[in-house]
Amino acid sequence: MADKKRYERPVINKHYSGLMNKFGSRPTTAPKTEIDGVPVNDLVKQFGSPLYVFSEKQIRNNQRNALRIFKTRYPKVQFAWSYKTNYLNAICNIFHQEGSWAEVVSEFEYDKARKLGIKGEHIIFNGPDKSREALLKAIKEKAKIHIDHFDELYDIIELTQETNLKAQVAIRVNLDVGVYPKWDRFGFNYENGEATQALKRIMMNKNLQLIGLHTHIGTYMMTAEAYRIAASKLASLARFLKDEYDTIVNYIDMGGGFASHNTLIGQYLPAEEVVPSMEQFAEAIASGLYELNFKVDEMPTLILETGRALIDDTGYIISTVLANKRLSTGRRALVIDAGVNLLFTGFWYKHSINPAQDSGVNIEDTTIFGPLCMNIDVIRETINFPSLKKGDRVVIDYTGAYNNTQWMQFINMRPNVVMVMEDSTVELIRKSENLDYMLNREILPDKLK
């Protein structure tokens, strides 16, 4: 027996002759019925809803493509996976298998990388919060410590004196690249001479080996020129070290911050039309580094801590429609079972959302809410969307960056996370949480029992 066709109520739409308006032609929403060849409904039947899904193939393709783009413009390139962007073990290990080091910003992330088998020498330790215990661990294991402030520098000096160990260090530099507000809360400032002062103090200490220079100019950067300026200024610091101390740094770390193709809230044009391409970022950075004019064997390695641009488009959230509503304004609203506790990036991105089944042609301005009892639980404030019924599925795209590190156990527990492998099999990479998991860390005093 054939499936019963979906009923759609008759609707009268006003049409205008002449040129298209600024919003273009009539919007259409194509269904997304599968992810890497695996049907969405099959994924939900096996692993439940809501559900995070990652594509192994897309992660590997992104990393290989980025490496190819940079190495054809600057031959000495090393990527370091940004753990804070997504530190699920399966995700990290794909990047490590593709040759990436680990870039961490806390002792927790450092220990996570070590448990995954990453040697200290292949860990870049960033961030303003490094305890003395964490610093000592990093010194002993020969990690690359990127010093964020003078107090951290003093701690390292004291630790190396107490233990008679040598520390491999770099400094993080903040600088004016013409993008405002400036990211000057991290590292030593270039323009006021603070960075040069930090370098001088390091060079005067026999227990500190200066191996690199580092900057991270911002996040979701929409100009490649800013990276050229930053690379040029770090190149000038590298020349200073060679001229004054006959020291050649092993690497220049340009951080991350490259924009993905997620469109920001308030951005008029879609991201793919306005953000620079990976090729443009690579051209800008390479041109800045080539200002060094060092001998070929003296040119530093370029390190990149790219996060969101490599992982954002590899992740999806599958969600189920809980209810249809009409708001007081008459606007249609959908309630789905994935809230902002699972989609933290929904606060600044206009995520692409598609139905996972054929939903007809009737498109209507819609607000999509999550299931949380909080008024801020809005997945999309406004989207042209077809009519869906309770139990239908939707797929939210470009959710790979930050959502699995900023998600919250709020009202609902965190769901399963799966990965579609290159051979189209599906692997569970993080189990959903249950009440026992939630209560495991709680202690109830006897008086309150």
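Values quoted throughout were computed directly from the atomic coordinates according to the rules given, and no laboratory measurement underlies them. Model, not experiment: these values are computed from the prediction. Note: ideal-geometry Cβ built from the backbone for every residue, glycine included; neighbour counts use all protein chains shown.
Brief remarks on what is shown
- Under 5 Å, built H, 5+ apart or other chain: amide partners of Arg430: Val417
- Over 23 Å (Cα to Cα) - which of Lys206/Lys233; Lys119/Lys242; Lys144/Lys200; Lys137/Lys242; Lys166/Lys242 fall in this group: Lys206/Lys233; Lys119/Lys242; Lys137/Lys242
- Across the chain, the mean sequence separation of Cα contacts (distance under 8 Å, 6 or more residues apart), normalised by length, yields a relative contact order of 19 percent.
- Likely footprinting exposure, Arg68, Arg332, fewest C-beta neighbours within 10 Å first: Arg68, Arg332
- Counted residue by residue at 0.36 nm each, then reduced by the alpha carbon distance between them, the extension gain from Tyr154 to Phe347 reaches 65.6 nm.
- Bridging of Lys130 to aspartates and glutamates at a Cα separation below 12 Å is possible for Glu107, Glu109, Asp148, Asp151, Glu152, Asp155, once same-chain residues fewer than 8 apart are set aside.
- Part-to-part distance (alpha-carbon centres) for segment 55-74 and segment 89-117, which is given in Å: 18 Å
- Glu244 sits among other residues whose Cβ lies under 15 Å from its own Cβ, and their net charge, with Lys and Arg +1 and Asp and Glu -1, is +2.
- Amide H contacts for Ser387 (H built 1.01 Å from N in the peptide plane; partners 5 or more residues away or on another chain; cut-off under 5 Å): Asn362.
- Charged-residue dipole, Cβ positions (Lys, Arg, Asp, Glu), the chain about Cα centre, Debye nearest 20: 1100 debye
- GNM top mover of Glu107, Glu283, Glu427 - the chain, alpha-carbon springs below 10 Å: Glu427
- Whole-Hz couplings from phi, Karplus 6.51/-1.76/1.60, listed for segment 347-356; x for Gly and Pro: 6, 10, 10, 8, 4, 5, 10, 10, x, 9
- In terms of surrounding Cβ atoms within a 10 Å radius of their Cβ, Leu88, Leu343 rank from fewest to most as Leu88, Leu343.
- Annotation for segment 224-274 versus segment 400-449: alpha-carbon center distance of 35 Å.
- Given charges at Cβ of Lys, Arg, Asp, Glu: the chain dipole, positive-most of Pro386, His214, Val173: Pro386
- Working note: 222 nm ellipticity from helices only, DSSP H runs with n ≥ 4, each -39,500 (n - 2.57), summed and divided by the residues of the chain, gives -8000 deg cm²/dmol to the nearest 500.
- Under a 5 Å amide H cut-off, with hydrogens placed 1.01 Å from N, Val249 pairs with nothing among residues at least 5 apart or on other chains.
- Pairs of lysines in segment 293-449 (C-alpha under 25 Å apart; 8 or more residues apart or interchain): 5
- In order along segment 119-124, the phi-based Karplus estimate (6.51 cos²θ - 1.76 cosθ + 1.60, θ = phi - 60°) of 3J(HN,Hα) comes to 5, x, 5, 10, 10, 9 Hz; Gly and Pro are listed as x.
- Nitroxide proxy distance, nm - points 7 Å out along Cα→Cβ at Glu162 and Glu225: 4.9 nm
- DSSP-defined beta bridges in the chain - what % are antiparallel, rounded to 5: 45 percent
- Each residue, Arg185 and Arg201, gets one label point 7 Å from its Cα in the Cβ direction; the gap between the two is 2.2 nm.
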